[in-house]
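What follows is calculated from the coordinates using simple rules that are stated; it is not laboratory data. As the structure is a computational prediction, the values presented were derived from the model and not from experiment. Reconstructed Cβ throughout: ideal geometry from the backbone, glycine too, with neighbour counts over all protein chains shown.
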Amino acid sequence: MSILRPGEAHSQPPLIYPAYASNVARAPSRPLIRVPANMVDLAAPVYGYLPIGEGDSDLTRQHAGEPLGERIIVSGRVVDEDGRAVPQTVVEIWQSNAAGRYLHALDDHPAPLDPNFTGAGRTITDAEGRYRFVTIKPGAYPWRNHPNAWRPAHIHFSLFGRSFLSRLVTQMYFPNDPLFPFDPILQSLPDPRAQQRLVSTFDLDLTEPEWALGYRFDIVLRGRHSTPFEGRA
Ligand SMILES: [Fe+2]
């Protein structure tokens with residue numbers, strides 16, 4: 001009996017290959033069931049296969065007009081556990097608009113959508129591991145986790161780093177948010193220092209006069225000082 005992986009009949013070994021004796025006991029004995037992919041199963045926006053364009057890192061210039069809200073710059077360095085730069089790695093972000101509303105079918109928070117804001121961007125780190133986004137400061141939003149539950153303003157981040165082992169999905173927060181003590185996602189991190197690693201710092205050097213405040217968010221992939229994964233206490 002031979003069960004093939006869907007769509008991989010010629011390029012991959014079958015799941016059961018009797019000549020390889022111990023494989024028989026480990027492999028499924030009945031045909032695989034295909035679970036239909038659903039938008040709800042997606043944990044992040046789908047960016048497609050197009051190369052990263054220059055405009056992808058400026059979320060304020062993806063539409064005909066400018067989005068409403070406070071324009072900000074979010075920038076930092078991606079480093080590994082030894083502090084070495086991680087160059088040429090894709091950094092993806094997604095976030096709510098300034099009113100705390102996502103452009104997502106399941107977001108029914110009664111706050112306005114912004115026709116000039118999608119809330120998703122991506123870029124690639126330079127030779128020193130640096131990345132930079134221009135965006136709008138996201139708003140807090142309710143999320144029904146418990147009575148009167150509100151998420152602190154945050155930006156979602158996704159990185160792959162050098163390999164699958166350095167995969168990171170996390171959230172960046174803004175300094176001194178009064179919602180921190182009430183947020184179970186941030187509070188799920190037992191170490192306050194780890195919580196602090198998810199909070200960006202206001203940076204006057206990143207701030208551009210007459211234009212936008214700057215927030216620094218450095219990211220450490222793996223190791224003792226790693227940027228924590230979201231919701232994985
Ligand atoms: Fe969120």
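When the P(r) is computed for the stretch 103-233, the part past 25 Å accounts for 31% of the Cα-Cα pairs.
Length gained on full extension, F202 to E81, computed as 0.36 nm times the residue gap minus the Cα-Cα distance: 41.2 nm.
Computed over the stretch 55-172, relative contact order equals 32 percent, with contacts defined as Cα pairs under 8 Å that lie 6+ residues apart. Quote the relative contact order of the chain in percent (integer), defining contacts as alpha-carbon pairs under 8 Å separated by 6+ residues. About 20 percent, as a whole number. Beyond 13 Å, what share of the Cα-Cα pairs of the stretch 182-233 is found? Please give it as a whole percent. Counting every Cα pair in the stretch 182-233, those more than 13 Å apart make up 63 percent.
Students often check this: by mean Cβ neighbours within 10 Å, which of 31-37, 178-184, 168-174 ranks highest, and how do the rest follow?
Details: 31-37: 7.7, 178-184: 14.0, 168-174: 20.6.
Highest mean packing first, the order is 168-174, 178-184, 31-37.
Annotation: Cα Rg of the chain relative to the compact-globule expectation 2.2 N^0.38 Å equals 1.20.
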